[in-house]
Amino acid sequence: MIRVLIADDQPLVRAGLSALLGAEPDIEVVGVASDGREALELARSLRPDVACLDIRMPGLDGVSVTRELSGPDADPEVPVVILTTFDLDDYVFGALEAGAAGFLLKDAEPEIIVRAVRRVAEGHGTIDETLTVRIIAEFNSRRRLQPVTAERADDLLTPREREILMLLAEGMSNEEIARELVLEVSTVKSHLARMMPKLGVRSRLQAVVWAYQNRIVTVDPSGPRER
C-alpha cells in the first residue's frame, strides 16, 4: 500500500483528494492536515510514502514543509507532491528548489493525480504537462540552477552519467534505468549521487529540469507525455 498524507487548508479539496485516493486499492490515506504545521507533525509521526501538500497554507506554507520533508537534512525524508493553481510564482520555484518530487494542478483530471502519486511513490519525478514548459522557461530566465550548455555537459558528465540523465528525463525509475543499461540499482544510485552535485541540484526532479533547461532533452510540443 502507498501511504499518503494530504494537507490543504480548503475542506473541499481535502475531502475530494481523500475520497479520490482512498478509493484506490493500492493507496491508503493515513493522515489529513489543514495547515503546514499539522502536516509536518503528521508526517513525522506517520512517516507516509508520499505527502500531497497545498503550496499555500497557514502556519507553514508548502515550501517550508517541503524543505523539512525533502531537503538535505530531512528526517524523515518524505517525497512531496505540490498542489498548485495555474499561476506560477516564487512559491512554485521555491518548492522545486526545496526538493519537491512533483507538481500538480488542483484541477487536474483524477487519473492524473492518482498516477502522479503512484509515480512519486516509485521514485519518479512528475510535473503536470500544463506547467512543464512554463517551469522550464522560467528557470531558464532566472538561472537559479547552474547554467551549463549541452556542449559543456559532455565535459561535465561522464558518458554513463549522461545516459542516466537522459533516461531520468524520460521518467524512468532507478530500477527501470538499471534494466535498460544492464546495471545494478545500487550502481545507478551511485551515479546519481555523483552527478547531482555536478549539476548543482539536490533532487531527481531538479536534475530533469536541468536537462530540459540546458537542452540535453527538449519538450515535445506535439502533446503531453509523462515526466
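FYI, it's all coordinate maths here, none of it is from the lab. A quick note: this is a predicted structure, and the numbers were derived from the prediction, not measured.
Quick one: compute the contact order of the range 1-130, relative version, from alpha carbon pairs under 8 angstrom and 6+ residues apart, as a percent.
21 percent.
What Rg and what Dmax come out for the range 1-88 when only alpha-carbon atoms are used, in angstroms?
11.9, 33
Return the long-range amide H neighbours of Arg56 (sequence gap of 5 or more, or a different chain), with a cut-off of under 5 Å between placed amide H atoms.
Under 5 Å from the amide H of Arg56: Gly62.
Amide H neighbours of Glu28 under 5 Å, counting only residues 5+ apart in sequence or on other chains, H built in-plane at 1.01 Å?
Those qualifying (amide H under 5 Å, at least 5 residues apart or on another chain) are Ile2, Arg3, Val4.
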